[in-house]
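The values are calculated or read from the model by the stated rules, or taken from the named source; none is laboratory data. Only a predicted model underlies this, so the values are computations on that prediction, with no experimental measurement involved. Positions of Cβ are backbone-derived with ideal geometry, glycine not excepted, and every protein chain shown enters the neighbour counts. Protein only, heavy atoms only, side chains kept; ligands, DNA and RNA dropped before computing areas. Shrake-Rupley method; radii C 1.70, N 1.55, O 1.52, S 1.80 Å.
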Amino acid sequence: MVKDVAEVILNSTYLTALTGAGVSAESNIPTFRGKDGLWNKYRPEELANPQAFAKDPEKVWKWYAWRMEKVFNAKPNKAHIAFAELEKLGILKAIVTQNVDDLHERAGSKNVLHLHGSLRVVRCTGCGFEFEVEEPPEIPPLPACERCGSILRPGVVWFGEMLPPEVLDRAFMEMERSDVVIVAGTSAVVQPAASLPLVVKRNGGIIIEVNPSRTPLSEVADFSIRGKAGEVMEEILSEVRKALF
Ligand code: BJW
Ligand code: ZN
């Protein structure tokens, strides 16, 4: 299977990837759902929404500050590195990620689209001022905007919120151009991200799924490799290299 997939990748004209939390699992960052999922005891629907923040901003901020700490100290794993290598080889053209960590970039990937924002970004709920952070804020007190004094919030996309329109447009454009897409480490239940690979399928392209578990996308995927992203992507890269060099 991995050999066949490597061949498909080598024959592709425009390969892209859609990644999710499972790709960072081997960097010890918990996923949201699935086996070993859940950030602490919370389901994402419970805290990753504007209503939860309005009701108890301190609780939500504490959850994010704790996650920021974990993510900022994490290291890219074999999956992130393999994706970055495939881009360097000129084969992978773009990564569309649902992840709010920056592990793809830290592994060396250049063309990364963040559908759900980033834990590195903090935004003012009043004036919209946005900036990058090196460290998580210390909570309490609630972090306040230095320009207008309003409460700051994590620069991520919560349930019921729009995805950044220009990022979503570019993600759809990348999928329109793709003849092959690797879908790795996502439960493929959160929309509109989960629909992106269907664009490739509709245009007659190929979906390669990499996930230890079945997902709603497994039914339409041309290849479903059941395994951990780090291990599988490393094998794929090694097969690609063997064929090239
Ligand atoms: C491994 C592994 C290993 C483990 N290797 N793999 C259409 C129909 C129904 C509902 C909607 C719809 N359109 C919109 C909605 C509403 C909603 C939605 O999708 N709800 C569904 C859950 C039902 N969507 C939205 O609200 C979005 N906004 C929007 O559409 O605006 C317009 C609109 C609003 C309202 C109605 C209609 C339109 C916004 C979605 C924002 C998602 N935000 C979060 C939180 C980000 C901030 C934070 O981090 O806190 O994004 S939720 C969370 O889920 C996070 C993730 O990016 C996202 C996806 O999760 P992901 O990455 O797939 O991870 P998991 O944990 O689910 O799966 C991990 C997978 O890895 C598993 O499959 C494992 O098997 C696997 N795995 N180890 C490889 N080693
Ligand atoms: Zn402000």
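A few notes on this one:
- Where LYS35 falls short, out of the listed (1) more than 7 Å from ligand 1 (Cβ to nearest atom); (2) in a loop (DSSP other than H, G, I, E, B); (3) not hydroxyl-bearing (Ser, Thr, Tyr): (1)
- Among the residues of the stretch 97-149, those that are away from ligand 1 (no atom under 13 Å from the Cβ), touching a Leu at 6+ places or on another chain (Cβ under 9 Å) and within 30 Å of LEU15 (Cα to Cα) comprise SER109, ASN111.
- Cβ-Cβ distances below 7 Å connect the following pairs, each with a first residue in the stretch 184-198 that is touching a residue at least 60 places away in the same chain (Cβ under 8 Å), a second residue that is charged (D, E, K, R) and open to solvent by 20 Å² or more (accessible area, probe 1.4 Å), and a separation of six or more residues or different chains: SER187/ARG33.
- Candidates GLU134, GLU87, filtered to the one that is assigned to a loop (DSSP other than H, G, I, E, B), open to solvent by 30 Å² or more (accessible area, probe 1.4 Å) and of a type in the set (D, E, K, R): GLU134
- Yes/no for TYR42 being within 10 Å of ligand 1 (Cβ to nearest atom), among the hydroxyl-bearing types (Ser, Thr, Tyr), under 28 Å from PRO140 (Cα atoms) and open to solvent by 20 Å² or more (accessible area, probe 1.4 Å): yes
- Where LEU18 falls short, out of the listed (1) away from ligand 1 (no atom under 11 Å from the Cβ); (2) open to solvent by less than 60 Å² (accessible area, probe 1.4 Å); (3) farther than 20 Å from VAL121 by Cα; (4) not small (Gly, Ala, Ser): (1)
- Matching residues in the stretch 137-149 - criterion: being closer than 14 Å to VAL60 by Cα and open to solvent by 50 Å² or more (accessible area, probe 1.4 Å): GLU138, PRO140, PRO141, LEU142
- A search for C-beta distances below 7 Å between a residue of the stretch 124-142 that is free of Cβ contacts under 8 Å to residues at least 40 places away in the same chain and any residue that is more than 15 Å from ligand 2 (Cβ to nearest atom), counting only pairs 6+ apart in sequence or on different chains, returns GLU132/ARG120.
- Every listed requirement among (1) touching a residue at least 24 places away in the same chain (Cβ under 8 Å); (2) open to solvent by 50 Å² or more (accessible area, probe 1.4 Å); (3) more than 6 Å from ligand 1 (Cβ to nearest atom); (4) not hydroxyl-bearing (Ser, Thr, Tyr) is met by LEU152 save one, (2).
- Scanning the stretch 162-211 for residues that are more than 10 Å from ligand 1 (Cβ to nearest atom), part of a loop (DSSP other than H, G, I, E, B) and surrounded by fewer than 24 Cβ atoms within 10 Å (Cβ to Cβ) yields a count of 5.
- Residue count, the stretch 138-165 (criterion: farther than 16 Å from ALA54 by Cβ, within 15 Å of ligand 2 (Cβ to nearest atom) and under 23 Å from the mean Cα position of the chain (by Cα)): 1
- Filter result for the condition that a residue is assigned to a strand (DSSP E or B), under 27 Å from PRO30 (Cβ atoms) and among the basic types (Lys, Arg), over ARG153, ARG214: ARG153
- Candidate set: the stretch 1-32, residues that are assigned to a loop (DSSP other than H, G, I, E, B) and under 18 Å from GLY230 (Cβ atoms); chosen: the one farthest from the chain's Cα centre (by Cα): MET1
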